[in-house]
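Asks: Next up is a structure, given as structure tokens.
The values are calculated or read from the model by the stated rules, or taken from the named source; none is laboratory data. All figures in this text were calculated on a predicted structure; none of them were measured in a lab. Backbone-built Cβ (ideal geometry, glycine too); neighbour counts: all protein chains shown. Accessible surface areas use protein heavy atoms only, side chains included; no ligands, DNA or RNA. Shrake-Rupley method; radii C 1.70, N 1.55, O 1.52, S 1.80 Å.
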Amino acid sequence: MGIDVLVVGAGSAGSTAAIAAARTGATTMLVDRLGFLGGTSTAVLDTFYAFYTPGAQPRKVVSGIPDEVVGRLTERGMAFERPNTYGAGTGITYDPESLKRVWDELLTEAGVSLLLHAFVIGTHVENGRVTALDVATKGGVRRIEARCVIDASGDADVCALAGAPYEAPGGNVQSLSTVFRMANVDVGRAQSVPKEELWRLMREARDSGRYALTRIEGSVHRTPQEGVMMALMTRVRNVDATDPEQLTAAELEGRRQAHEYFRFLRETVPGYERAVLVSTSPAIGVRESRRIVGEHVLTAGEILAATTFDDQVARCGAPIEEHHAGDDTRWVYLEEGQTYGIPFRALQPQGIDNVLVAGRCFSATHDAHASARSMGTCMAMGQAAGTAAALSETPKRLDPDTLRARLAKDGADVGD
């Protein structure tokens, strides 16, 4: 089976990449390990971050296909903006079940071929090009040939299998989290509790010995459904998410923590007295695993200096948000309203000519990754990667000005 562009990973980056590639004229296939599209955007979280810079006067820096996603959710009454979301700036909160259908619609309308419940288990490499992938499915292993491949797996699976260099998770890898949703919440009373008071109650609960709380902070917020709140409080530390045994243990620990935090909320925090736990995320949220070593490695210094690049394909103003192994989160901000560029070279793995990456496996240092990994920026990377793969069978040789002009024409914000 031969196609123009094969996208691995149907998260916010991969789904956007596949839409962009198909709209740019490439025959496109998208494969994913789950039974639904969206990855973290539908399996874990319910808020898009990094569409806006944080601060008193937010600036919108992500547009194009991501705006269409938000627009369709808004039309359904299933998205709204939350300003000043725990330091990250304005977030766009949505209903994950509605987003599943939005991804379904946008991808099928674009003509993308979909293959779910599928894992990439091997690559075929000839003369510095990935010519085909081996994909395990319920019907057996399939060999899929492609002109270009986009690795949006999150874990750089394709790049690792193809022998491209990457940075493995280290001792300071960001923690994993399981989110949970509660119904029957008195939202008004719950939201009247300031975050500082919530965190004080957490600390008292932990210090009392009655609750095993691993993190003394976190967020809980309203959703598009009446009486339903989403909580992001858990922290599973020091996990290599590419190790199957560690990832399995993390899933169990994440659910244990979610139930413990729910017990804390119901028993000690106003507004949750009659709450019921209705769901935990079907997959634990992974913030960081493998990061490719690309033709450019984005650094924290470049981020904090608001660096622009001649080949930048997206903009970001998000703070460095590091969920380290401690019980708090480290935040480092750009100056008010400033942004930096995502260079096209950071999406290009070294040693392979026809593979691009999009999403959290892009080329960056640990600290820089902690800023640019948010879903808004990942979607912008996806639109750039998908467009580039459709325009050239050797994307590394594509003139960045040509790519930037096409992205701007398609509504993306690539900066000056």
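Asks: Taking the range 171-199, which residues are in contact with a helix residue (DSSP H, G or I) (Cβ under 7 Å, 6 or more places away or on another chain) and surrounded by fewer than 21 Cβ atoms within 10 Å (Cβ to Cβ)?
Replies: Once the filter is applied, which keeps residues that are in contact with a helix residue (DSSP H, G or I) (Cβ under 7 Å, 6 or more places away or on another chain) and surrounded by fewer than 21 Cβ atoms within 10 Å (Cβ to Cβ), the range 171-199 yields only 172.
Asks: Any idea which of (1) of a type outside the set (S, T, N, Q); (2) outside any loop (DSSP other than H, G, I, E, B); (3) open to solvent by 10 Å² or more (accessible area, probe 1.4 Å) is the one residue 224 doesn't satisfy?
Replies: (2)
Asks: Additional query: Just the residues that are acidic (Asp, Glu) and farther than 23 Å from residue 173 by Cα, please, taken from the range 360-409.
Replies: Across the range 360-409, the qualifying residues are 393, 399, 401.
Asks: May I ask you to verify whether residue 130 is among the β-branched types (Val, Ile, Thr), open to solvent by less than 60 Å² (accessible area, probe 1.4 Å) and in contact with a Lys or Arg (Cβ under 6 Å, 6 or more places away or on another chain)?
Replies: no
Asks: A further question on this structure: Consider residue 340 carefully, then state whether it is touching a helix residue (DSSP H, G or I) at 6+ places or on another chain (Cβ under 6 Å) and either surrounded by 17 or more Cβ atoms within 10 Å (Cβ to Cβ) or aromatic (Phe, Trp, Tyr) (or both).
Replies: Yes: the conditions hold for residue 340.
Asks: Condition first: assigned to a helix (DSSP H, G or I) and either surrounded by fewer than 19 Cβ atoms within 10 Å (Cβ to Cβ) or of a type outside the set (Ser, Thr, Tyr) (or both). Can you find one or more residues in the range 348-357 that meet it?
Replies: No - not one qualifying residue is present in the range 348-357.
Asks: Output the residues belonging to the range 375-411 that are open to solvent by less than 20 Å² (accessible area, probe 1.4 Å) and assigned to a loop (DSSP other than H, G, I, E, B).
Replies: Correct list: 394 only.
Asks: Okay, next question. Quick check on the range 167-190: of everything there that is outside any loop (DSSP other than H, G, I, E, B) and under 18 Å from the mean Cα position of the chain (by Cα), which residue is nearest to residue 239 (Cα to Cα)?
Replies: Selected residue: 176.
Asks: Please return the ranges of strands (runs of 3 or more DSSP E) entirely within the range 1-87 where 3 or more residues are surrounded by fewer than 24 Cβ atoms within 10 Å (Cβ to Cβ) and touching a residue at least 40 places away in the same chain (Cβ under 8 Å).
Replies: Of the strands (runs of 3 or more DSSP E) lying wholly inside the range 1-87, those with at least 3 residues that are surrounded by fewer than 24 Cβ atoms within 10 Å (Cβ to Cβ) and touching a residue at least 40 places away in the same chain (Cβ under 8 Å) span 2-8, 79-82.
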